[in-house]
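Enquirer: First, the structure itself, so that you have it in front of you.
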Amino acid sequence: MTGAGRGIGRALAVGLAAEGADVVLVARSRDELEGTAALVSTKATVVTADLADLSQVAEVAAAAGAVDILINNAAVPWPAGPTATLDPAEFANAVAINVTAVAALSIHLLPGMLERGWGRIVNLSSGAAQVPAFLNGGNAYTTTKYAVEGHTINLAAELAGSGVTANIYRPGTVATSMMTWVREGGGTAMDATVNEYFADVQQRGDLLTPEQSAGFLLARLPGEDTGQTWHAEDGIIARLEADPS
Ligand SMILES: NC(=O)c1ccc[n+]([C@@H]2O[C@H](COP(=O)([O-])OP(=O)(O)OC[C@H]3O[C@@H](n4cnc5c(N)ncnc54)[C@H](OP(=O)(O)O)[C@@H]3O)[C@@H](O)[C@H]2O)c1
């Protein structure tokens with residue numbers, strides 16, 4: 001479970017543990033990971049690593065041992081701003097965290113999953129990949145999420161029949177530190193139209209909690225579906241159909 005220190009990743013880790021899974025919690029901030037571990041009743045292993053660094057990604061995989069469920073959740077929304085002003089090195093860093101580390105963890109952990117004949121890989125994406133023109137000033141983020149989706153669908157096709165599934169999860173608009181940064185970043189972040197859009201979502205009370213978003217993903221995880229793009233919004237619609245109140 002990458003990015004397990006806060007936000008959606010913390011909620012997913014706590015939810016997986018509630019189903020009985022031992023969890024390996026990965027991020028840079030040890031204090032946040034320990035906060036997650038304190039919420040988990042099963043075995044929780046804290047592994048601090050910067051996923052931008054491929055040697056640290058390899059160390060994460062080695063420390064994790066046999067993994068049945070890989071959730072690539074960690075990501076950064078920066079660098080943001082007009083593309084002509086971006087630092088190419090910061091763009092490359094975002095690709096390293098949001099894309100290369102995602103693929104690298106699958107590469108490290110797939111042999112064990114294939115040998116055991118069962119595995120679940122879920123890669124977090126975003127509505128930014130569904131509507132690539134939307135995040136004005138979010139070119140790096142949009143690029144990385146689009147890439148993650150292509151990687152995941154192609155991998156799922158390759159793994160068909162192996163017992164290992166690979167799916168995409170778009171978690172909706174969720175109240176996390178990343179969302180606060182996107183909404184309030186002002187001139188240092190994405191375009192004002194983007195800030196305003198997310199401020200409206202917040203004011204309407206339409207932000208999901210991390211636990212709500214995590215719940216939609218965890219409900220789908222045991223199934224055999226593969227190569228799918230799961231949306232939190234599907235879960236909301238299903239809930240409203242079942243109970244419109
Ligand atoms: N929130 C939303 O509305 C929303 C919408 C669409 C998609 N998503 C996606 O959902 C996922 C989770 O987002 P969130 O909102 O929960 O974000 P968040 O609150 O910012 O949490 C991100 C997590 O990733 C970790 N992380 C970031 N950079 C890292 C690095 N270099 N190495 C290791 N860990 C790193 C962070 O820990 P450290 O900083 O301590 O490393 C943190 O635990 C992301 O993939 C995001 O793109 C979120």
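Enquirer: Has the stretch 104-121 got any residue that is closer than 30 Å to GLU184 by Cα and within 13 Å of the ligand (Cβ to nearest atom)?
Expert: no
Enquirer: A follow-up question, please. For the stretch 136-245, list the helices (runs of 4 or more DSSP H) that sit wholly inside it and hold at least 1 residues that are in contact with a Ser or Thr (Cβ under 8 Å, 6 or more places away or on another chain), modelled with pLDDT of 95 or more and within 15 Å of the ligand (Cβ to nearest atom); which are they?
Expert: Result: 139-158, 210-220.
Enquirer: Related question: What are the residue pairs meeting all of these: first residue in the stretch 141-167, first residue over 21 Å from VAL67 (Cβ atoms), second residue of a type outside the set (A, V, I, L, M, F, W, C) and within 16 Å of the ligand (Cβ to nearest atom), Cβ atoms under 6 Å, and 6 or more apart or on different chains?
Expert: Going by the 6 Å Cβ cut-off, the qualifying pairs are TYR141/PRO77; THR142/PRO132; THR144/ASN98; LYS145/SER125; LYS145/SER126; GLU149/SER125.
Enquirer: Hey, any hits in the stretch 123-132 for a residue that's hydrophobic (A, V, I, L, M, F, W, C), open to solvent by less than 20 Å² (accessible area, probe 1.4 Å), within 14 Å of the ligand (Cβ to nearest atom) and part of a strand (DSSP E or B)?
Expert: Within the stretch 123-132, one or more residues are hydrophobic (A, V, I, L, M, F, W, C), open to solvent by less than 20 Å² (accessible area, probe 1.4 Å), within 14 Å of the ligand (Cβ to nearest atom) and part of a strand (DSSP E or B).
Enquirer: Follow-up question, since we're still on this one. Looking only at the stretch 57-96, which residues are more than 21 Å from MET178 (Cα to Cα) and in contact with a helix residue (DSSP H, G or I) (Cβ under 9 Å, 6 or more places away or on another chain)?
Expert: Result: VAL57, ALA58, VAL60, ALA61, ALA62, ALA64, GLY65, ALA66, VAL67, ASP68, ILE69, LEU70.
Enquirer: Please identify the pairs in which a residue from the stretch 172-201 that is closer than 16 Å to SER126 by Cβ has its Cβ atom under 8 Å from the Cβ atom of a residue that is hydroxyl-bearing (Ser, Thr, Tyr) and outside any helix (DSSP H, G or I), counting only partners at least 6 apart or on another chain.
Expert: So the pair list comes out as VAL174/THR209; ALA175/THR209; MET179/THR173; PHE198/THR173; VAL201/THR173.
Enquirer: Run ILE71 past the list (1) within 15 Å of the ligand (Cβ to nearest atom); (2) outside any helix (DSSP H, G or I); (3) open to solvent by 70 Å² or more (accessible area, probe 1.4 Å) and report the number of the one that doesn't hold.
Expert: (3)
The values are calculated or read from the model by the stated rules, or taken from the named source; none is laboratory data. Keep in mind it's a predicted model, so treat the numbers as computed, not measured. Please note: Cβ atoms are built from the backbone with ideal geometry, for glycine as well, and neighbour counts cover all protein chains shown. Note: accessible area is taken over every heavy atom of the protein model, side chains too, but ligands, DNA and RNA are not part of it. Shrake-Rupley method; radii C 1.70, N 1.55, O 1.52, S 1.80 Å.
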